[in-house]
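Notes for the one structure printed next.
The values are calculated or read from the model by the stated rules, or taken from the named source; none is laboratory data. As the structure is a prediction and not an experimental result, all values here were calculated from the model. Note that we place each Cβ from the backbone using ideal geometry, even for glycine, and neighbour counts take in every protein chain shown. For the accessible areas, the whole protein counts, side chains as well, though only heavy atoms, and no ligand, DNA or RNA atoms are used. Shrake-Rupley method; radii C 1.70, N 1.55, O 1.52, S 1.80 Å.
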Amino acid sequence: MRPEDFAPQDQKHLLPQAGGELVYRCLGCQAALGIERLLYTCPHCGQVLLIEDQAFDRLREIPGPGWRRIFDLRRMLNLPALKGIFRYAELLAPVIPLDSVLYLGEGHTPLVEASARLKAAAGAEFCFKNDGQNPSASFKDRGMAVALSYINYLVKHRGAGQVLSICASTGDTSASAALYASYLAPAVKSAVLLPRGKVTPQQLSQPLGSGAMVFEIPGVFDDCMKVVEYMAERYQVALLNSKNAWRILGQESYSYEIAQDLDYDLTGRVVLVPIGNAGNISAVMSGFMKLKELGIISELPKVIGVQSEHADPVFRFYQEKDPGQRVWRPVTVQASVAQAAMIGNPVSMPRVVELARRYEEMAGSERVSVVQVREQEIMDHMILANRHGHVVCTQGGESLAGLVRARELGIVGPGEQAICDATAHHLKFVGFQQMYFEDSFPPEFGVKPRPELRNQPQEVAALGEDELPAPGRPLSGQAFDKFVQATAQEIARRLGLEER
Ligand SMILES: *Cc1c(COP(=O)(O)O)cnc(C)c1O
Ligand SMILES: [Zn+2]
(Lines give C-alpha, C1' and ligand atoms only; values in the text may rest on other atoms or scores of the structure.)
(Ligands and ions follow the chains in the order given, each with its own letter.)
Protein backbone atom coordinates (compact mmCIF):
# COMPACT_ATOMS: atom_id res chain seq x y z
CA MET A 1 0.00 0.00 0.00
CA ARG A 2 0.98 3.65 -0.46
CA PRO A 3 0.85 6.00 2.52
CA GLU A 4 -2.15 7.84 1.07
CA ASP A 5 -4.10 4.55 0.87
CA PHE A 6 -4.29 4.32 4.68
CA ALA A 7 -7.17 5.70 6.72
CA PRO A 8 -6.54 9.36 7.67
CA GLN A 9 -6.25 8.59 11.41
CA ASP A 10 -3.55 5.99 10.62
CA GLN A 11 -1.46 8.27 8.43
CA LYS A 12 -0.17 10.48 11.24
CA HIS A 13 2.53 8.12 12.56
CA LEU A 14 2.77 5.82 9.57
CA LEU A 15 6.06 7.34 8.42
CA PRO A 16 8.63 7.78 11.19
CA GLN A 17 9.65 11.36 11.87
CA ALA A 18 13.38 11.97 12.05
CA GLY A 19 14.08 12.93 15.64
CA GLY A 20 15.29 11.71 19.01
CA GLU A 21 18.32 12.89 20.93
CA LEU A 22 20.86 10.14 20.59
CA VAL A 23 24.08 10.14 22.59
CA TYR A 24 26.81 7.61 23.22
CA ARG A 25 26.59 6.57 26.87
CA CYS A 26 29.79 5.29 28.44
CA LEU A 27 29.27 2.14 30.50
CA GLY A 28 32.27 3.04 32.67
CA CYS A 29 32.04 6.71 33.70
CA GLN A 30 28.46 7.29 32.43
CA ALA A 31 29.58 10.23 30.25
CA ALA A 32 27.14 11.26 27.51
CA LEU A 33 29.05 11.88 24.28
CA GLY A 34 27.84 13.53 21.07
CA ILE A 35 27.18 11.31 18.06
CA GLU A 36 28.56 13.79 15.47
CA ARG A 37 31.83 11.84 15.55
CA LEU A 38 32.15 8.10 15.26
CA LEU A 39 33.24 6.86 18.69
CA TYR A 40 33.85 3.30 19.78
CA THR A 41 35.19 3.68 23.29
CA CYS A 42 34.95 6.46 25.85
CA PRO A 43 37.68 9.10 25.40
CA HIS A 44 37.68 9.61 29.20
CA CYS A 45 37.86 6.06 30.54
CA GLY A 46 38.19 3.72 27.56
CA GLN A 47 35.01 1.72 28.23
CA VAL A 48 32.55 0.57 25.56
CA LEU A 49 29.49 2.63 24.73
CA LEU A 50 25.80 2.14 24.13
CA ILE A 51 23.61 4.56 22.21
CA GLU A 52 20.80 6.04 24.23
CA ASP A 53 17.89 8.22 23.15
CA GLN A 54 17.66 10.99 25.73
CA ALA A 55 14.23 11.89 24.37
CA PHE A 56 12.95 8.30 24.63
CA ASP A 57 10.13 9.45 26.91
CA ARG A 58 8.49 11.31 24.03
CA LEU A 59 7.62 7.88 22.62
CA ARG A 60 5.40 7.21 25.65
CA GLU A 61 2.88 9.69 24.26
CA ILE A 62 1.68 6.81 22.12
CA PRO A 63 0.40 3.93 24.29
CA GLY A 64 1.57 0.35 23.67
CA PRO A 65 -1.41 -0.67 21.54
CA GLY A 66 -0.84 2.43 19.39
CA TRP A 67 2.74 1.35 18.67
CA ARG A 68 1.62 -2.18 17.90
CA ARG A 69 -0.81 -0.80 15.34
CA ILE A 70 1.84 1.48 13.80
CA PHE A 71 4.32 -1.39 13.41
CA ASP A 72 1.65 -3.69 12.01
CA LEU A 73 0.43 -1.11 9.50
CA ARG A 74 3.98 -0.40 8.36
CA ARG A 75 4.27 -4.01 7.27
CA MET A 76 1.77 -3.21 4.54
CA LEU A 77 3.76 -0.27 3.20
CA ASN A 78 5.78 -0.63 0.03
CA LEU A 79 8.47 1.93 0.83
CA PRO A 80 11.93 0.32 0.52
CA ALA A 81 13.34 2.28 3.47
CA LEU A 82 10.62 0.85 5.71
CA LYS A 83 10.67 -2.68 4.30
CA GLY A 84 13.49 -3.75 6.59
CA ILE A 85 14.37 -3.05 10.17
CA PHE A 86 13.70 0.69 9.89
CA ARG A 87 10.01 -0.03 10.26
CA TYR A 88 10.98 0.18 13.93
CA ALA A 89 12.91 3.42 13.30
CA GLU A 90 11.79 5.17 16.50
CA LEU A 91 13.31 2.35 18.57
CA LEU A 92 16.51 2.08 16.53
CA ALA A 93 18.07 5.24 15.16
CA PRO A 94 15.43 7.91 14.55
CA VAL A 95 18.15 10.47 13.77
CA ILE A 96 18.73 8.80 10.41
CA PRO A 97 16.34 10.29 7.82
CA LEU A 98 14.63 7.82 5.48
CA ASP A 99 16.57 9.13 2.48
CA SER A 100 19.77 7.77 4.05
CA VAL A 101 18.43 4.35 5.01
CA LEU A 102 20.13 1.42 3.33
CA TYR A 103 17.86 -1.54 2.67
CA LEU A 104 19.41 -4.66 1.15
CA GLY A 105 16.67 -7.06 2.24
CA GLU A 106 17.56 -7.57 5.88
CA GLY A 107 15.01 -8.33 8.60
CA HIS A 108 11.67 -10.14 8.27
CA THR A 109 13.38 -13.45 8.94
CA PRO A 110 10.93 -16.26 9.66
CA LEU A 111 10.14 -18.13 12.84
CA VAL A 112 10.05 -21.74 11.70
CA GLU A 113 8.34 -24.13 14.06
CA ALA A 114 10.10 -27.41 14.78
CA SER A 115 8.28 -30.54 13.69
CA ALA A 116 6.62 -32.72 16.32
CA ARG A 117 9.40 -35.28 15.98
CA LEU A 118 12.18 -32.74 16.43
CA LYS A 119 10.43 -31.22 19.43
CA ALA A 120 10.14 -34.67 20.97
CA ALA A 121 13.84 -35.31 20.34
CA ALA A 122 14.77 -31.98 21.93
CA GLY A 123 12.34 -32.41 24.81
CA ALA A 124 10.96 -28.92 24.32
CA GLU A 125 8.56 -26.80 22.33
CA PHE A 126 10.56 -24.54 20.06
CA CYS A 127 11.08 -22.79 16.78
CA PHE A 128 14.13 -21.40 15.03
CA LYS A 129 14.34 -17.81 13.92
CA ASN A 130 16.27 -18.10 10.67
CA ASP A 131 18.60 -15.14 10.66
CA GLY A 132 20.65 -16.92 8.04
CA GLN A 133 18.01 -15.68 5.60
CA ASN A 134 19.45 -12.17 5.77
CA PRO A 135 21.29 -10.93 2.64
CA SER A 136 24.81 -11.93 3.67
CA ALA A 137 23.36 -14.99 5.38
CA SER A 138 23.78 -13.99 9.02
CA PHE A 139 22.17 -11.73 11.62
CA LYS A 140 25.11 -9.31 11.31
CA ASP A 141 23.19 -7.59 8.50
CA ARG A 142 20.76 -6.11 11.03
CA GLY A 143 23.57 -4.20 12.72
CA MET A 144 25.30 -3.24 9.48
CA ALA A 145 22.07 -1.84 8.04
CA VAL A 146 22.03 0.74 10.84
CA ALA A 147 25.81 1.34 10.99
CA LEU A 148 26.10 1.90 7.24
CA SER A 149 22.88 3.92 7.07
CA TYR A 150 24.40 6.25 9.66
CA ILE A 151 27.61 6.49 7.64
CA ASN A 152 25.50 7.15 4.54
CA TYR A 153 23.76 9.95 6.43
CA LEU A 154 27.14 11.44 7.45
CA VAL A 155 28.29 11.31 3.83
CA LYS A 156 25.05 12.66 2.35
CA HIS A 157 24.13 15.30 4.88
CA ARG A 158 27.21 16.03 6.98
CA GLY A 159 29.97 16.24 4.38
CA ALA A 160 31.85 13.25 5.74
CA GLY A 161 33.86 12.78 2.54
CA GLN A 162 35.32 9.37 1.78
CA VAL A 163 35.04 6.78 4.54
CA LEU A 164 37.19 3.70 5.01
CA SER A 165 35.31 1.09 6.99
CA ILE A 166 37.30 -1.56 8.78
CA CYS A 167 36.55 -4.60 10.93
CA ALA A 168 38.01 -7.76 12.41
CA SER A 169 35.82 -10.76 12.05
CA THR A 170 35.17 -14.41 12.74
CA GLY A 171 33.75 -14.34 9.19
CA ASP A 172 30.22 -13.03 9.22
CA THR A 173 30.93 -9.47 10.34
CA SER A 174 33.32 -8.96 7.43
CA ALA A 175 30.91 -10.56 4.96
CA SER A 176 28.19 -8.21 6.09
CA ALA A 177 30.35 -5.09 6.42
CA ALA A 178 31.82 -5.61 2.96
CA LEU A 179 28.38 -6.14 1.43
CA TYR A 180 26.79 -3.02 2.92
CA ALA A 181 29.89 -0.89 2.29
CA SER A 182 30.01 -1.99 -1.35
CA TYR A 183 26.52 -0.60 -1.85
CA LEU A 184 27.89 2.82 -0.93
CA ALA A 185 30.98 2.62 -3.16
CA PRO A 186 32.91 4.76 -3.93
CA ALA A 187 32.01 6.96 -0.94
CA VAL A 188 32.76 4.05 1.36
CA LYS A 189 35.67 1.64 0.91
CA SER A 190 36.01 -1.40 3.08
CA ALA A 191 38.87 -3.35 4.58
CA VAL A 192 38.50 -6.50 6.67
CA LEU A 193 40.93 -8.41 8.86
CA LEU A 194 40.42 -12.14 9.26
CA PRO A 195 42.23 -14.74 11.36
CA ARG A 196 44.00 -16.86 8.74
CA GLY A 197 42.40 -20.29 8.33
CA LYS A 198 39.77 -19.52 10.97
CA VAL A 199 36.93 -18.54 8.69
CA THR A 200 35.16 -20.86 6.30
CA PRO A 201 35.88 -20.68 2.54
CA GLN A 202 32.36 -19.32 2.01
CA GLN A 203 32.92 -16.55 4.56
CA LEU A 204 36.25 -15.65 2.93
CA SER A 205 34.65 -15.54 -0.50
CA GLN A 206 32.01 -13.05 0.63
CA PRO A 207 34.12 -9.94 1.32
CA LEU A 208 36.32 -10.82 -1.69
CA GLY A 209 33.21 -10.91 -3.85
CA SER A 210 32.05 -7.57 -2.48
CA GLY A 211 35.36 -6.00 -3.50
CA ALA A 212 36.73 -5.39 0.00
CA MET A 213 40.43 -5.40 0.78
CA VAL A 214 40.92 -8.60 2.76
CA PHE A 215 43.86 -9.02 5.14
CA GLU A 216 44.60 -12.41 6.67
CA ILE A 217 46.29 -12.24 10.07
CA PRO A 218 47.98 -15.04 12.03
CA GLY A 219 46.35 -16.09 15.30
CA VAL A 220 42.70 -16.14 16.33
CA PHE A 221 39.95 -13.53 16.27
CA ASP A 222 41.02 -11.94 19.56
CA ASP A 223 44.39 -11.11 17.95
CA CYS A 224 42.76 -9.53 14.88
CA MET A 225 40.54 -7.48 17.10
CA LYS A 226 43.53 -5.94 18.88
CA VAL A 227 45.07 -4.87 15.56
CA VAL A 228 41.81 -3.27 14.44
CA GLU A 229 41.41 -1.48 17.77
CA TYR A 230 44.94 -0.12 17.48
CA MET A 231 44.12 1.17 14.01
CA ALA A 232 40.80 2.69 15.05
CA GLU A 233 42.59 4.71 17.74
CA ARG A 234 45.27 6.09 15.45
CA TYR A 235 43.84 6.33 11.97
CA GLN A 236 40.84 7.87 10.27
CA VAL A 237 38.67 4.75 9.88
CA ALA A 238 35.09 3.74 10.63
CA LEU A 239 35.18 0.69 12.88
CA LEU A 240 32.41 -1.78 12.12
CA ASN A 241 33.03 -4.32 14.86
CA SER A 242 30.47 -4.74 17.55
CA LYS A 243 32.31 -2.06 19.50
CA ASN A 244 30.35 0.12 17.12
CA ALA A 245 27.23 0.87 19.15
CA TRP A 246 25.14 1.58 16.03
CA ARG A 247 25.30 -2.11 15.22
CA ILE A 248 23.80 -3.00 18.58
CA LEU A 249 20.82 -0.78 17.77
CA GLY A 250 20.24 -2.59 14.48
CA GLN A 251 20.44 -5.99 16.09
CA GLU A 252 17.68 -5.03 18.51
CA SER A 253 15.33 -5.50 15.56
CA TYR A 254 15.67 -9.25 16.16
CA SER A 255 13.64 -8.81 19.34
CA TYR A 256 11.11 -6.50 17.70
CA GLU A 257 10.42 -9.04 14.98
CA ILE A 258 9.95 -11.85 17.47
CA ALA A 259 7.48 -9.74 19.42
CA GLN A 260 5.56 -8.72 16.32
CA ASP A 261 5.44 -12.26 14.91
CA LEU A 262 4.01 -13.52 18.21
CA ASP A 263 1.36 -10.79 18.31
CA TYR A 264 3.32 -9.10 21.12
CA ASP A 265 2.57 -11.88 23.60
CA LEU A 266 5.82 -13.22 25.04
CA THR A 267 4.31 -15.02 28.03
CA GLY A 268 6.16 -18.28 28.64
CA ARG A 269 8.71 -17.58 25.91
CA VAL A 270 12.43 -18.22 26.08
CA VAL A 271 14.96 -16.78 23.64
CA LEU A 272 18.26 -18.64 23.14
CA VAL A 273 21.26 -16.86 21.63
CA PRO A 274 24.80 -18.15 21.02
CA ILE A 275 27.41 -15.80 22.53
CA GLY A 276 30.67 -14.83 20.86
CA ASN A 277 31.57 -11.16 21.18
CA ALA A 278 28.30 -10.79 23.12
CA GLY A 279 26.91 -8.01 20.94
CA ASN A 280 23.89 -9.98 19.88
CA ILE A 281 22.71 -11.00 23.33
CA SER A 282 23.20 -7.38 24.44
CA ALA A 283 21.00 -6.19 21.59
CA VAL A 284 18.36 -8.84 22.24
CA MET A 285 18.01 -7.81 25.89
CA SER A 286 18.05 -4.11 25.07
CA GLY A 287 15.38 -4.56 22.40
CA PHE A 288 12.95 -6.42 24.62
CA MET A 289 13.40 -3.86 27.39
CA LYS A 290 12.50 -0.98 25.07
CA LEU A 291 9.32 -2.81 24.07
CA LYS A 292 8.43 -3.34 27.71
CA GLU A 293 9.12 0.28 28.63
CA LEU A 294 6.70 1.46 25.95
CA GLY A 295 4.02 -1.06 26.94
CA ILE A 296 4.32 -2.76 23.55
CA ILE A 297 4.82 -6.08 25.34
CA SER A 298 3.67 -6.79 28.88
CA GLU A 299 6.10 -9.56 29.74
CA LEU A 300 9.81 -10.00 29.09
CA PRO A 301 10.88 -13.41 27.78
CA LYS A 302 13.65 -15.40 29.44
CA VAL A 303 16.97 -14.88 27.69
CA ILE A 304 19.55 -17.67 27.65
CA GLY A 305 23.03 -17.28 26.25
CA VAL A 306 24.83 -20.38 24.99
CA GLN A 307 28.58 -20.98 24.84
CA SER A 308 30.76 -23.87 23.79
CA GLU A 309 33.01 -25.48 26.36
CA HIS A 310 35.87 -24.34 24.08
CA ALA A 311 35.06 -20.60 24.33
CA ASP A 312 33.04 -19.98 27.46
CA PRO A 313 34.16 -16.85 29.37
CA VAL A 314 30.63 -15.50 29.79
CA PHE A 315 29.35 -18.84 31.08
CA ARG A 316 32.17 -18.99 33.61
CA PHE A 317 31.50 -15.47 34.78
CA TYR A 318 27.85 -16.22 35.53
CA GLN A 319 28.66 -19.51 37.26
CA GLU A 320 29.13 -17.38 40.36
CA LYS A 321 25.60 -16.60 41.53
CA ASP A 322 26.50 -13.69 43.81
CA PRO A 323 26.98 -10.60 41.59
CA GLY A 324 29.38 -9.12 44.14
CA GLN A 325 31.70 -12.12 43.85
CA ARG A 326 31.85 -12.39 40.06
CA VAL A 327 35.28 -11.96 38.53
CA TRP A 328 35.81 -11.32 34.84
CA ARG A 329 38.49 -13.51 33.27
CA PRO A 330 39.02 -13.85 29.51
CA VAL A 331 39.77 -17.41 28.40
CA THR A 332 42.10 -18.87 25.76
CA VAL A 333 39.84 -20.39 23.14
CA GLN A 334 40.19 -23.90 21.74
CA ALA A 335 39.06 -25.16 18.34
CA SER A 336 35.30 -24.81 18.02
CA VAL A 337 32.78 -25.74 15.36
CA ALA A 338 30.85 -22.68 16.54
CA GLN A 339 33.65 -20.73 14.93
CA ALA A 340 31.69 -17.48 14.67
CA ALA A 341 31.43 -17.51 18.45
CA MET A 342 34.99 -18.64 19.18
CA ILE A 343 35.93 -15.61 21.26
CA GLY A 344 37.75 -15.62 24.57
CA ASN A 345 37.57 -11.92 25.41
CA PRO A 346 34.21 -10.56 24.22
CA VAL A 347 34.21 -6.86 23.47
CA SER A 348 30.63 -6.44 24.65
CA MET A 349 31.04 -8.07 28.05
CA PRO A 350 30.47 -4.78 29.93
CA ARG A 351 27.24 -4.36 27.94
CA VAL A 352 26.06 -7.84 28.91
CA VAL A 353 26.77 -7.20 32.58
CA GLU A 354 24.90 -3.89 32.57
CA LEU A 355 21.97 -4.99 30.41
CA ALA A 356 21.50 -8.33 32.21
CA ARG A 357 21.38 -6.41 35.50
CA ARG A 358 18.72 -4.04 34.14
CA TYR A 359 16.85 -6.93 32.55
CA GLU A 360 16.55 -8.82 35.80
CA GLU A 361 15.61 -5.62 37.59
CA MET A 362 12.71 -5.31 35.17
CA ALA A 363 11.75 -8.96 34.68
CA GLY A 364 12.70 -10.56 37.99
CA SER A 365 15.73 -12.61 38.95
CA GLU A 366 16.86 -15.64 36.95
CA ARG A 367 15.44 -14.25 33.72
CA VAL A 368 18.89 -14.18 32.13
CA SER A 369 21.19 -17.22 32.18
CA VAL A 370 24.12 -18.66 30.29
CA VAL A 371 24.55 -22.37 29.62
CA GLN A 372 27.52 -24.30 28.31
CA VAL A 373 27.42 -27.08 25.72
CA ARG A 374 29.93 -29.56 24.33
CA GLU A 375 31.29 -29.43 20.78
CA GLN A 376 29.79 -32.86 20.16
CA GLU A 377 26.33 -31.63 21.15
CA ILE A 378 26.60 -28.62 18.85
CA MET A 379 27.30 -30.83 15.84
CA ASP A 380 24.72 -33.48 16.73
CA HIS A 381 21.99 -30.86 17.16
CA MET A 382 22.84 -28.95 14.01
CA ILE A 383 22.58 -32.13 11.97
CA LEU A 384 19.49 -33.34 13.79
CA ALA A 385 17.75 -30.02 13.13
CA ASN A 386 18.70 -29.97 9.48
CA ARG A 387 17.41 -33.51 9.07
CA HIS A 388 14.03 -32.13 10.11
CA GLY A 389 13.55 -29.27 7.70
CA HIS A 390 15.86 -26.56 9.02
CA VAL A 391 18.89 -24.76 7.55
CA VAL A 392 20.85 -23.98 10.68
CA CYS A 393 24.59 -23.41 11.00
CA THR A 394 26.81 -24.69 13.78
CA GLN A 395 25.85 -21.70 15.94
CA GLY A 396 22.18 -22.57 15.38
CA GLY A 397 23.05 -26.10 16.50
CA GLU A 398 24.61 -24.48 19.55
CA SER A 399 21.32 -22.67 20.31
CA LEU A 400 19.40 -25.94 20.14
CA ALA A 401 21.99 -27.82 22.20
CA GLY A 402 21.66 -24.98 24.71
CA LEU A 403 17.90 -25.46 24.85
CA VAL A 404 18.34 -29.16 25.58
CA ARG A 405 20.85 -28.29 28.33
CA ALA A 406 18.54 -25.62 29.77
CA ARG A 407 15.71 -28.18 29.91
CA GLU A 408 17.98 -30.66 31.73
CA LEU A 409 18.95 -27.97 34.23
CA GLY A 410 15.33 -26.89 34.73
CA ILE A 411 16.08 -23.36 33.47
CA VAL A 412 13.39 -23.98 30.85
CA GLY A 413 10.23 -25.64 32.13
CA PRO A 414 8.07 -28.14 30.22
CA GLY A 415 5.38 -25.57 29.39
CA GLU A 416 7.71 -22.93 28.00
CA GLN A 417 8.23 -22.26 24.32
CA ALA A 418 11.69 -21.46 23.04
CA ILE A 419 13.00 -19.46 20.12
CA CYS A 420 16.43 -20.66 19.04
CA ASP A 421 18.57 -18.17 17.14
CA ALA A 422 19.74 -19.72 13.86
CA THR A 423 22.32 -16.97 13.49
CA ALA A 424 23.67 -17.87 10.04
CA HIS A 425 22.81 -20.02 7.06
CA HIS A 426 23.79 -23.66 7.07
CA LEU A 427 25.74 -23.29 3.80
CA LYS A 428 28.32 -20.99 5.37
CA PHE A 429 29.49 -23.78 7.66
CA VAL A 430 29.10 -26.94 5.56
CA GLY A 431 32.78 -27.78 6.06
CA PHE A 432 31.94 -28.89 9.60
CA GLN A 433 29.12 -31.07 8.31
CA GLN A 434 31.57 -32.57 5.85
CA MET A 435 34.04 -33.41 8.63
CA TYR A 436 31.22 -35.00 10.62
CA PHE A 437 30.02 -37.13 7.73
CA GLU A 438 33.58 -38.19 6.86
CA ASP A 439 34.60 -38.66 10.49
CA SER A 440 37.59 -36.41 9.86
CA PHE A 441 37.47 -33.90 12.73
CA PRO A 442 40.95 -33.03 14.00
CA PRO A 443 41.27 -34.38 17.56
CA GLU A 444 41.20 -30.92 19.20
CA PHE A 445 37.50 -30.56 18.39
CA GLY A 446 36.63 -33.78 20.22
CA VAL A 447 33.76 -34.60 17.82
CA LYS A 448 32.84 -38.12 16.69
CA PRO A 449 29.91 -38.65 14.34
CA ARG A 450 26.87 -40.53 15.59
CA PRO A 451 26.43 -43.28 12.98
CA GLU A 452 22.70 -42.65 12.58
CA LEU A 453 23.37 -38.98 11.73
CA ARG A 454 26.05 -39.59 9.10
CA ASN A 455 25.27 -39.28 5.44
CA GLN A 456 27.39 -39.80 2.33
CA PRO A 457 26.71 -39.93 -1.39
CA GLN A 458 26.63 -43.44 -2.90
CA GLU A 459 28.17 -44.12 -6.25
CA VAL A 460 26.07 -46.01 -8.76
CA ALA A 461 27.88 -47.69 -11.66
CA ALA A 462 25.62 -50.56 -12.66
CA LEU A 463 27.51 -51.51 -15.83
CA GLY A 464 31.09 -51.78 -17.06
CA GLU A 465 33.04 -48.55 -17.68
CA ASP A 466 32.61 -48.67 -21.49
CA GLU A 467 28.82 -49.12 -21.15
CA LEU A 468 28.39 -45.92 -19.09
CA PRO A 469 27.98 -42.37 -20.36
CA ALA A 470 30.81 -39.95 -19.75
CA PRO A 471 31.23 -36.18 -20.29
CA GLY A 472 31.61 -35.69 -24.06
CA ARG A 473 30.64 -39.31 -24.74
CA PRO A 474 26.83 -39.61 -24.59
CA LEU A 475 25.10 -42.95 -25.13
CA SER A 476 22.29 -43.52 -27.61
CA GLY A 477 19.92 -46.19 -28.86
CA GLN A 478 20.05 -49.58 -27.20
CA ALA A 479 23.16 -48.77 -25.18
CA PHE A 480 21.35 -45.81 -23.63
CA ASP A 481 18.23 -47.86 -22.82
CA LYS A 482 20.40 -50.51 -21.22
CA PHE A 483 22.19 -47.93 -19.08
CA VAL A 484 18.90 -46.33 -17.92
CA GLN A 485 17.38 -49.70 -17.05
CA ALA A 486 20.41 -51.08 -15.23
CA THR A 487 20.95 -47.88 -13.24
CA ALA A 488 17.30 -47.58 -12.27
CA GLN A 489 17.19 -51.21 -11.19
CA GLU A 490 20.32 -50.83 -9.09
CA ILE A 491 18.94 -47.75 -7.29
CA ALA A 492 15.58 -49.49 -6.77
CA ARG A 493 17.41 -52.45 -5.28
CA ARG A 494 19.31 -50.27 -2.83
CA LEU A 495 16.10 -48.45 -1.88
CA GLY A 496 14.29 -51.77 -1.45
CA LEU A 497 11.58 -50.79 -3.94
CA GLU A 498 9.11 -53.36 -5.26
CA GLU A 499 8.05 -53.24 -8.90
CA ARG A 500 4.47 -52.07 -9.54
C1 LIG B 1 28.72 -13.13 15.18
C2 LIG B 1 28.06 -14.42 15.26
C3 LIG B 1 27.70 -15.00 16.49
C4 LIG B 1 28.07 -14.38 17.81
O5 LIG B 1 27.41 -13.16 18.03
P6 LIG B 1 28.04 -12.08 19.01
O7 LIG B 1 27.24 -10.87 18.83
O8 LIG B 1 29.46 -11.92 18.61
O9 LIG B 1 27.92 -12.66 20.39
C10 LIG B 1 27.00 -16.18 16.47
N11 LIG B 1 26.68 -16.80 15.31
C12 LIG B 1 27.02 -16.28 14.12
C13 LIG B 1 26.65 -17.02 12.88
C14 LIG B 1 27.72 -15.08 14.04
O15 LIG B 1 28.06 -14.60 12.85
ZN1 LIG C 1 33.84 6.71 30.24
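Figures for the structure shown
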item: Anchor LYS83: lysines whose Cα lies under 19 Å away (excluding residues fewer than 8 positions away in-chain); result: LYS12, LYS129, LYS140
item: Part-to-part distance (alpha-carbon centres) for region 244-316 and region 400-442, which is given in Å; result: 18
item: Aspartates and glutamates whose Cα lies under 17 Å from that of LYS448, excluding same-chain neighbours fewer than 8 positions away; result: GLU309, GLU375, GLU377, ASP380, GLU398, GLU438, ASP439
item: Hull volume in cubic angstrom per residue (convex hull over the Cα atoms of region 226-335); result: 153
item: Angle between the chain longest axis and helix 172-183 axis [Cα atoms, degrees, rounded to 10]; result: 70
item: Formal net charge of residues neighbouring ARG247 (Cβ-Cβ distance under 9 Å; K, R +1; D, E -1); result: +3
item: Formal net charge of residues neighbouring ILE296 (Cβ-Cβ distance under 13 Å; K, R +1; D, E -1); result: -3
item: Cα-centred dipole magnitude for the chain, charges only on beta-carbon of K, R (+1) and D, E (-1), debye, nearest 20; result: 820
item: Sequence-distant lysines (8 or more away, or on other chains) whose Cα lies within less than 29 Å of LYS321; result: LYS243, LYS290, LYS292, LYS302
item: Accessible area (Å², per residue) of region 195-255, counting only protein heavy atoms and a probe of 1.4 Å; result: 44
item: The chain shape via C-alpha gyration tensor axes, a/c threshold 1.5; result: prolate
item: Cα gyration tensor category, rounded, prolate or oblate, for region 84-197 with a/c compared to 1.5; result: oblate
item: Packing-based ranking, highest mean first, of 171-180, 326-335, 346-355, 62-71 given that Cβ atoms within 10 Å are counted; result: 171-180, 346-355, 62-71, 326-335
item: Kirkwood hydrodynamic radius of region 139-247, from inverse mean 1/r over distinct Cα pairs, in Å; result: 13.5
item: Accessible surface ranking that places the most exposed of ARG357, ARG450, ARG493 first, with a 1.4 angstrom probe; result: ARG493, ARG357, ARG450
item: Net length gained if the chain between GLU113 and VAL460 were fully extended (0.36 nm per residue, minus Cα distance); result: 121.3 nm
